[in-house]
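Worksheet for the structure shown next.
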Amino acid sequence: MSGVSIRSVNKAFGATRVLRGVTLDIGDSEFMTLLGPSGCGKSTLLRIVAGLEAQDSGSIAIGGRPVDALRPRERDVAMVFQSYALYPHMTAAENIALPLVMRRSRVWQRLPVLRRALPSARRIRRDIAGEVGRVAAALDIGYLLERKPSQLSGGQRQRVALARAMVRQPRAFLMDEPLSNLDAKLRVQARAEIAELHRRLGTTFIYVTHDQAEAMTMSDRVAVMLDGEVLQCAPPATIYDDPADLRVAEFVGSPKINVITGAVGSTGQVEIAGTTLPLTVRRAPATALAVAFRAEHADVTPCTAEQQGALVGTVRHRENLGSDLFVYVEPQPASARLAVRLAASRTDDIRVGMRVAIRPDAARVLLFDRDGGRVRAA
Amino acid sequence: MTAPRGLPFAILRHVLLGIGAVFMLAPFVWMLSLSLKPADEIFTTDLRLLPQRWDAVRNYSEAFRKVPLHRYLLNGAIVTATIFSLQVLVALPAAYALAKLRFGLAKPLFALVLFGLLIPGHVPAIPHYIMLSSAGLLDSYAALVFPSMISVFGIFWIRQFFKTVPDDLIHAARLDGLSEFAIVWRIMLPTAAPALVAFGIVSVVFHWNDYFWPLLVVTSPDMAMPALGTVYLRNTEAGTDYGPLMAGTVIITAPLVIAFLVAQRRFIEGMTLTGIKG
Amino acid sequence: MSTLALPAEAAASTARRPARRVRQEALAAYALAAPAAIMLLGILLLPTAATVLLSFTDWQFGAATLNWIGLGNYEKLAADRVFWRSLANTLLYVAVVVPASVFLGLGVAMLIEAGGSGRTFYRAAYFLPVTATLIAMATVWEIMLHPSVGLINLAFDAVGLGKHNWLKDPALALPALAVIGIWQALGLNMVLFLAGLKSIPRDLYEAAAIDGAENWWDRFTTVTWPMLGPATLFVLVITAIRSFQVFDTVAVLTEGGPNKATDVLLYTMYQEGFGFFRAGYGASITVVFLVFVLILTLVKARVMEKRVHYA
């Protein structure tokens with residue numbers, strides 16, 4: 001049992017409140033991603049779990065045991081850092097071995113001469129070398145072991161950092177943006193490798209990232225954080241399709257979800273820009289609503305006449321990505337541009353400057369109230 | 001500077017720099033030259049670089065006979081090495097605490113360090129002398145080392161370096177099971193190697209060449225540091241036999257000059273730090 | 001997925017635990033900083049304070065008693081012609097060595113940087129005196145300045161300027177020491193300027209050339225000097241601090257003579273304090289010395305705040 005339980009954790013740096021009563025339960029062997037923009041407190045939360053920062057209040061338990069009074073090394077968690085934090089003066093092998101050396105040997109067994117002279121120290125060193133070799137083989141970095149970090153590429157350093165975390169079989173892996181220093185191509189490959197590593201090890205992973213693609217592709221659950229709070233914690237598909245909060249909907253997905261202001265009509269129907277959507281909500285008439293829909297949940301047609309449930313505007317920009325066509329429309333009355341994804345085959349239909357009608361798929365439209373809370377259609 | 005300039009400028013540049021270089025190097029060349037010459041060739045008005053009759057063996061052996069030059073070199077090595085080791089031993093943990101740890105007195109302590117940077121080493125000399133004299137320690141290695149056991153500049157400089165070490169490296173070490181003490185010696189010490197080399201050059205060059213403090217506390221001929229030893233050698237020479245004196249100065253200056261020529265870049269980097277030290 | 005709730009009682013009792021970990025960090029920090037803090041106080045700051053206190057007493061080395069005489073030593077200093085002479089000499093020495101070594105250093109650095117060949121050699125040649133033991137080189141200078149067979153007199157004689165007894169002539173002794181001071185300080189200033197010149201982006205020269213600055217003087221006034229100006233101020237101040245501490249050459253070559261012509265502050269302090277054992281009086285000279293160095297150092301700190309530094 002090595003789930004991680006975070007209870008009402010608060011943290012402030014000076015006057016800045018970085019975490020506001022964060023509560024989160026991460027199951028045993030779950031892959032949990034903390035997703036949010038920079039400055040949302042996700043890295044601080046990870047450091048509090050590791051014991052590198054002390055929370056102002058609240059508590060952390062690992063495997064059911066409170067760890068608040070324990071030092072980082074006593075918590076039995078391993079961490080992979082964004083900068084990898086490899087010791088620059090040690091070889092890859094020494095880097096990987098260090099956590100084992102520190103755990104298994106006594107101070108005198110690490111002293112310069114005794115380290116080689118004492119039979120016990122030599123036995124420990126031999127055992128450790130064996131384990132380092134096994135982990136290195138598992139990550140395909142056996143041939144790099146004698147190199148110093150400065151002689152390794154970014155991807156190789158990242159693997160050495162992973163190996164250093166794996167070697168002591170911790171109860172939980174904490175990863176702080178471990179892929180953000182890799183180039184785009186390597187990042188996709190490493191994403192798959194980490195997900196596979198998680199399946200193989202069956203250990204709890206807490207993974208911090210600002211990259212939604214990483215969060216969506218690797219996680220069992222994603223906790224979306226903003227301004228020191230967890231807005232929603234759910235499986236990736238739920239986060240995307242069924243966001244609990246407008247800020248979650250806006251943060252997840254690319255291009256950004258389209259949002260237009262609407263209002264509740266006299267019979268509870270949703271009205272936008274003078275048209276009515278085939279949706280009703282249980283809210284008082286004239287309540288303001290944010291009506292949101294994703295780029296792929298709408299259709300665009302050249303505008304000939306006023307149509308029911310449609311938004312009218314002018315095409316300002318097109319992006320043909322080969323597989324898809326993105327169309328950016330400036331609605332009337334003017335507000336933020338709306339993005340719609342179409343099949344690339346429709347390139348010839350939709351041109352810049354054309355007047356078009358956008359028709360959101362009413363079944364996929366998301367409604368939010370003024371505070372950003374979700375409003376469900378009746 | 002971009003515009004290519006013609007041959008006349010290149011010649012002018014070498015002429016000007018060459019004249020200057022002659023002036024800068026003349027004492028060294030002259031010192032070497034005199035250390036090879038017999039007395040009668042030194043006391044002559046014709047300029048010659050190389051002696052007509054080589055007298056190097058006599059000059060150098062005479063220098064060692066007059067004063068214990070080897071002792072001065074040994075004293076220099078022992079004292080500068082001890083001073084540097086103690087300075088690192090004291091400064092490294094403090095610099096780490098000041099750069100990376102949170103504690104209530106961090107700011108006042110750093111303010112004291114900055115204040116200490118303002119004080120030239122000559123200022124506390126009289127109280128130091130009184131302290132050592134009342135402890136009966138004058139004329140000993142302890143007296144030579146004592147005022148320099150702590151280098152405020154060392155603390156400041158290593159702290160500035162540690163500020164540039166990413167926190168993640170220390171976090172990783174804590175998770176890997178290192179105590180704060182182990183972090184200082186196993187992680188920060190090797191990481192600080194370049195900064196320590198620069199600081200070591202400053203420290204060793206300064207104390208090898210220091211004259212003021214040894215002059216105050218050393219009384220017996222055997223305890224002199226290299227600079228003071230040169231003066232002892234000079235004082236044995238009441239007359240005009242400059243050959244052995246120059247041989248002695250060659251011996252005293254050689255270690256640092258050779259070290260400089262071997263590791264020019266590091267020396268220049270290191271010595272520019274004295275700009276901060278003042 | 002299993003969620004692990006903490007027992008309520010455990011949660012309550014751990015609420016204050018993180019504070020203990022903050023204390024652990026502070027405790028480690030105090031343990032690591034303690035030796036340095038104790039030595040900083042015991043070896044540097046308290047003895048410095050003791051020097052200041054001593055300057056208000058009439059204590060002599062070995063004396064059993066000491067009297068608080070307030071500003072007595074300073075009144076004596078104000079009336080002491082030797083002290084004024086030594087202060088004036090020190091300031092004169094600084095006033096000669098600083099501009100000469102700074103601007104020669106700048107000139108050498110620019111000449112070295114202006115061409116490709118011989119850079120390493122020239123840099124080493126000009127820097128060599130910085131590391132060489134000054135006391136040992138001073139004895140070489142003494143022989144070079146020898147009245148009859150010294151290299152310098154031979155050279156002066158050869159061009160018809162006659163021979164001089166440099167170190168024994170009251171008018172020439174301080175300038176001679178200043179030349180040695182310049183010789184020793186020039187190399188450090190040169191490398192500081194080399195670093196400064198290297199940090200000037202090449203594009204600036206290209207932009208200046210496009211804008212019509214074609215000869216070296218235009219380049220110097222439009223790019224080099226404005227970019228190097230603050231650095232020059234910094235080099236001036238640190239050279240001043242260092243030359244204010246002149247002692248070695250005076251102590252070995254002239255012993256303040258002839259007739260006090262080369263007496264400088266530190267040498268007067270050394271003589272009063274350790275030659276005549278007037279510790280209190282020596283301390284008051286030290287305090288005057290400290291005040292001057294502090295003023296210069298504070299100027300340096302102001303200059304460094306403007307982000308002009310090389311390390």
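The values are calculated or read from the model by the stated rules, or taken from the named source; none is laboratory data. In this text the structure is predicted, and so the values were computed from the model without any measurement. Ideal geometry is used to build each Cβ from the backbone, glycine not excepted, and the neighbour counts take in all protein chains shown.
Pairs meeting the criteria (first residue in the range C:35-57 and facing chain B (nearest Cβ under 7 Å), second residue among the hydroxyl-bearing types (Ser, Thr, Tyr), beta carbons under 9 Å, at least 6 apart or on different chains) are C:ALA37/C:TYR30; C:ILE43/B:SER148; C:THR51/C:THR286; C:LEU54/C:SER284; C:LEU54/C:THR286. Any residue at all in the range A:341-355 that is β-branched (Val, Ile, Thr) and closer than 23 Å to A:PRO278 by Cα? The answer is no, given that none of the residues of the range A:341-355 is β-branched (Val, Ile, Thr) and closer than 23 Å to A:PRO278 by Cα. Selection of helices (runs of 4 or more DSSP H) fully inside the range C:66-142 by the criterion of at least 1 residues being acidic (Asp, Glu), more than 26 Å from C:SER284 (Cβ to Cβ) and over 17 Å from the mean Cα position of the chain (by Cα) returns C:81-114. The single residue among A:ARG168, A:ARG147 that is buried (at least 18 other Cβ atoms within 10 Å of the Cβ) and either at pLDDT 85 or above or under 27 Å from A:ARG75 (Cα atoms) (or both) turns out to be A:ARG168.
Among the residues of this structure, B:THR191 counts as one that is assigned by TED's automatic domain parsing to the domain that holds B:TRP157 and closer than 30 Å to A:PRO149 by Cβ. Residue check: A:GLY130 meets all listed conditions (1) assigned to a helix (DSSP H, G or I); (2) surrounded by 14 or more Cβ atoms within 10 Å (Cβ to Cβ) but one, namely (2). Restricting attention to the range B:134-156, the residues being at the interface with another protein chain (Cβ under 8 Å from one of its Cβ atoms) and assigned to a helix (DSSP H, G or I) number 4. Right, B:VAL257: within 13 Å of the chain's Cα centre (by Cα), facing chain C (nearest Cβ under 9 Å) and either closer than 30 Å to C:LEU194 by Cα or surrounded by 22 or more Cβ atoms within 10 Å (Cβ to Cβ) (or both) or not? Yes. Taken together, C:GLY256, C:GLY229, C:GLY282 contain a single residue that is part of a helix (DSSP H, G or I) and at pLDDT below 85, which is C:GLY229. Does the range B:16-33 contain at least one residue that is more than 9 Å from chain C (Cβ to nearest Cβ) and buried (at least 20 other Cβ atoms within 10 Å of the Cβ)? No, every residue in the range B:16-33 fails to be more than 9 Å from chain C (Cβ to nearest Cβ) and buried (at least 20 other Cβ atoms within 10 Å of the Cβ). Against the numbered list (1) in contact with a strand residue (DSSP E or B) (Cβ under 8 Å, 6 or more places away or on another chain); (2) at the interface with chain C (Cβ under 10 Å from one of its Cβ atoms); (3) surrounded by fewer than 21 Cβ atoms within 10 Å (Cβ to Cβ), A:VAL67 comes up short only at (3). Taking the range C:150-223 and the helices (runs of 4 or more DSSP H) fully enclosed by it, the elements with 2 or more residues that are more than 26 Å from C:LEU111 (Cα to Cα) are at C:151-158, C:173-198.
With the condition kept exactly as written, say whether any residue in the range A:158-171 is more than 20 Å from B:GLY177 (Cα to Cα) and within 31 Å of the chain's Cα centre (by Cα). Within the range A:158-171, one or more residues are more than 20 Å from B:GLY177 (Cα to Cα) and within 31 Å of the chain's Cα centre (by Cα).
Residue by residue, here is whether (1) charged (D, E, K, R); (2) farther than 28 Å from A:GLU146 by Cβ; (3) in contact with a strand residue (DSSP E or B) (Cβ under 9 Å, 6 or more places away or on another chain) holds:
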position	(1), (2), (3)
A:ALA163	no, no, no
A:ARG171	yes, yes, yes
A:LEU179	no, no, yes
A:LYS185	yes, no, no
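Only a single criterion out of (1) small (Gly, Ala, Ser); (2) buried (at least 22 other Cβ atoms within 10 Å of the Cβ); (3) farther than 24 Å from A:VAL77 by Cβ is not satisfied by A:GLY142, namely (2). Looking across the range A:172-189, the residues that are at pLDDT 90 or above and more than 15 Å from A:ALA215 (Cα to Cα) come down to A:ALA172, A:PHE173.
Kindly indicate whether C:VAL252 is hydrophobic (A, V, I, L, M, F, W, C), within 12 Å of chain B (Cβ to nearest Cβ) and farther than 15 Å from B:PHE212 by Cα. Against the criterion (hydrophobic (A, V, I, L, M, F, W, C), within 12 Å of chain B (Cβ to nearest Cβ) and farther than 15 Å from B:PHE212 by Cα), C:VAL252 does not qualify. Among residues that are of a type in the set (Asp, Glu), in the same structural domain as A:ASP220 (by TED's automatic domain parsing) and within 22 Å of A:PRO99 (Cα to Cα), A:ASP28 is not included. Here the range B:178-202 is the region considered, the condition is being of a type outside the set (A, V, I, L, M) and farther than 28 Å from B:GLN264 by Cα, and the residue that is nearest to the other protein chains (Cβ to nearest Cβ) is B:GLU180. Could you tell me whether any residue of the range A:109-128 is assigned by TED's automatic domain parsing to the domain that holds A:ALA190 and either touching a residue at least 60 places away in the same chain (Cβ under 8 Å) or under 13 Å from A:ARG168 (Cα atoms) (or both)? Yes, the range A:109-128 contains a residue that is assigned by TED's automatic domain parsing to the domain that holds A:ALA190 and either touching a residue at least 60 places away in the same chain (Cβ under 8 Å) or under 13 Å from A:ARG168 (Cα atoms) (or both). For the range B:162-183, check the following and say yes or no: at least one residue is of a type outside the set (Val, Ile, Thr), within 18 Å of the chain's Cα centre (by Cα) and within 22 Å of B:LEU109 (Cα to Cα). Taking every residue of the range B:162-183 in turn, none turns out to be of a type outside the set (Val, Ile, Thr), within 18 Å of the chain's Cα centre (by Cα) and within 22 Å of B:LEU109 (Cα to Cα). The strands (runs of 3 or more DSSP E) located wholly in the range A:1-108 that include 1 or more residues which are over 23 Å from C:ARG21 (Cα atoms) occupy A:16-26, A:31-35. A single entry from B:ASP40, B:ASP55 fulfils the requirement of being without any contact (Cβ under 8 Å) to a residue 60 or more places away in the chain and either touching a Gly at 6+ places or on another chain (Cβ under 7 Å) or closer than 24 Å to C:PHE156 by Cα (or both): B:ASP40. Filtering the range B:120-135 to residues that are in contact with a Leu (Cβ under 8 Å, 6 or more places away or on another chain), of a type in the set (A, V, I, L, M) and either touching a residue at least 24 places away in the same chain (Cβ under 8 Å) or within 22 Å of C:ALA64 (Cβ to Cβ) (or both) leaves B:ALA125, B:ILE126, B:LEU132. Assess whether B:ARG58 counts as being on the phi < 0 side of the Ramachandran plot, basic (Lys, Arg) and surrounded by 13 or more Cβ atoms within 10 Å (Cβ to Cβ). Yes; evaluated as a whole, the condition is true for this residue.
Name the single residue, out of those in the range C:123-168 being touching a Pro at 6+ places or on another chain (Cβ under 7 Å) and in contact (Cβ under 8 Å) with a residue 24 or more places away in the chain, that is nearest to B:ASN209 (Cα to Cα). Only one residue tops the list, namely C:MET137. Evaluate the following for B:SER85: is it of a type in the set (S, T, N, Q), surrounded by fewer than 17 Cβ atoms within 10 Å (Cβ to Cβ), more than 9 Å from chain C (Cβ to nearest Cβ) and free of Cβ contacts under 8 Å to residues at least 12 places away in the same chain? So B:SER85 passes the test.
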